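J.: Let me begin by handing over the structure; questions about it come next.
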Amino acid sequence: MQRRCRACLIGLIPPSACRHAGRGNQMHDRVHTSKPLTGELPQEGSGRDPRIDACCGVALWWIFLDHIPNNVGGWGFCDAAEVFVFISGVTCALAYGKARRCEGWSGVIRRSLRRGWDIYAAFLMLTLACAILVYLTGSDQLADESNTRVLFEHPGAAFAHAAILQYRPLNTDILPMFVVYHVLFGPVLWLLLRLPNVTLGASLLLYTLVHVFGWTVPAWPNNVWFFNPMAWQLLIVLGAWWVVGGMRLPSWAISRTALVLAILYLAFSLIIALSWSIKSLESLVPLTSLLFPIDKSNLSPLRVLHYLALVILAVRFWPHTWRGIMTPVIRGAARCGENSLPIYCLGVLLALASHVALLDISDRIPMQIALSVGGVLMMIVAATFLNSIRIKPKRQTHHDEALAHGDFTHQAERPCWMPIDLISNSPSSPFRMTRSCREPVGG
């Protein structure tokens, strides 16, 4: 067996840096090594791009604000849902790609099924929490608007259909969709790593067929999924395809021509969206009646183009070296993005409680502002609390002493050969496990 020093064995230094390497007998490394593929996920060294969690957190804030009745209006054809779903595809590819390198495909399947189960359990608990909140208010109007009246009238049938993801209270529709995506992401990743462009083409073909033939997934009681998973899968696959391709945009997408076209399209969508809510503009914009409403359930192509235009602008004007990423507001958004599932569920309940306040107290603008700002602050506080209570695994005594005397140095990212029990989730720890080693966002 190959001789390895104590520091190497406990993971403080990589095997290649061990001064005893190559001496004595040989011992095979037990780390999984994957076969080189057509498309390969990027190796993460210093951790994931912090803009990912920040964008996810901002999307969660905007989803919460949009769920409050008569709150923020639309500023274009798409909204925060597209951002959240696309980022979920990115983080799934990063997290499950890490699992594939360290644990093989069995690790990918195990982690994706576990994450799917987490989202499924959260959805059922959120459904129950929404029903309890509506019941306590005793408001018939809220029961109708939150799609919970059918649950009170037919509780057995409603919970049975919720268990098979066919019944969903208001604003919980995205969670069943993510259950399906996480369960199926292993095979999708397998295809993306071997035939990335073919897989994206198949996703685009399915998206097209949905719009041509009106395909959907059975639901109850009205047979409509607000987020048709056969259409919205395009953004999940597109996000994962972008990661497999090295997280780089094609040259034409970063050209001046693409930038000008993106700005023009965003301006056009802004005018159309404003005409839907401002009656005085409706007569000035002849296309309003033709384009309204933009189909969200099946992810209208106009929404996809709007999101791609936003991506082009974000890449151009939000570089990874942007110093604003360390401001308190963006750091608060990043914390929310790191805890996307519980923060999303909290946002749904806060929006429902805000709806109650608007009905029973006041629906004036000051109340709208107070509820919006207060809700976002509560989401930040909850995310900060969740980060602070993460369980810190115990380290071995000699490990702590070595660190105290500065005998070893290490980067923040955990290599595949480092034992998981040596990692702390404390933000101040040099052995902190980065977001890429934890569960992906997406519900």
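Bear in mind these aren't lab numbers, they're just calculated from the coordinates by the rules spelled out. Predicted model, so just to flag it, every value in this text is computed and none were measured. Using ideal geometry, Cβ is built from the backbone for each residue, glycine included, and neighbour counts are taken over all protein chains shown.
J.: What is the dipole size for the stretch 295-396, taken about its Cα centre, with +1 at each Lys and Arg Cβ and -1 at each Asp and Glu Cβ, in debye to the nearest 20?
T.: On the way: 11 positive and 4 negative charges, 141 e Å.
So the dipole magnitude of the stretch 295-396 works out to roughly 680 debye.
J.: Here is a further query. Which whole-Hz ³J(HN,Hα) couplings does the stretch 87-101 yield from phi under the Karplus relation 6.51 cos²θ - 1.76 cosθ + 1.60, θ = phi - 60°, glycine and proline marked x?
T.: 5, 4, x, 5, 6, 4, 5, 5, 5, 6, x, 4, 5, 5, 5
J.: Return the sequence-ordered ³J(HN,Hα) values of the stretch 125-135 in whole Hz as given by the Karplus equation 6.51 cos²θ - 1.76 cosθ + 1.60 applied to θ = phi - 60°, using x for Gly and Pro.
T.: 5, 5, 4, 5, 5, 5, 5, 5, 5, 5, 5
J.: Something else now. Mind ordering 153-163, 51-61 by average Cβ neighbours within 10 Å, highest first? All intermediate terms of the calculation are to be shown ahead of the outcome.
T.: Details: 153-163: 14.7, 51-61: 23.8.
Packing order, densest peptide first, comes out as 51-61, 153-163.
J.: Still on this structure, I have one more. At Asp295 and Ser139, where each label point lies 7 Å from the Cα along Cα→Cβ, what is the point-to-point distance in nanometres?
T.: Simple spin-label model gives 3.3 nm for this pair.
J.: Return the sequence-ordered ³J(HN,Hα) values of the stretch 106-117 in whole Hz as given by the Karplus equation 6.51 cos²θ - 1.76 cosθ + 1.60 applied to θ = phi - 60°, using x for Gly and Pro.
T.: Listing the rounded values in order: 4, x, 4, 4, 4, 5, 5, 5, 5, 5, x, 5 Hz.
J.: Another one. Quote the charge dipole size of the stretch 122-201 about the Cα centre in Debye, to the nearest 20; the model charges only the Cβ of Lys and Arg (+1) and of Asp and Glu (-1). The partial results should precede the final answer.
T.: Numbers: 3 positive and 5 negative charges, 87 e Å.
The calculated dipole for the stretch 122-201 is roughly 420 debye.
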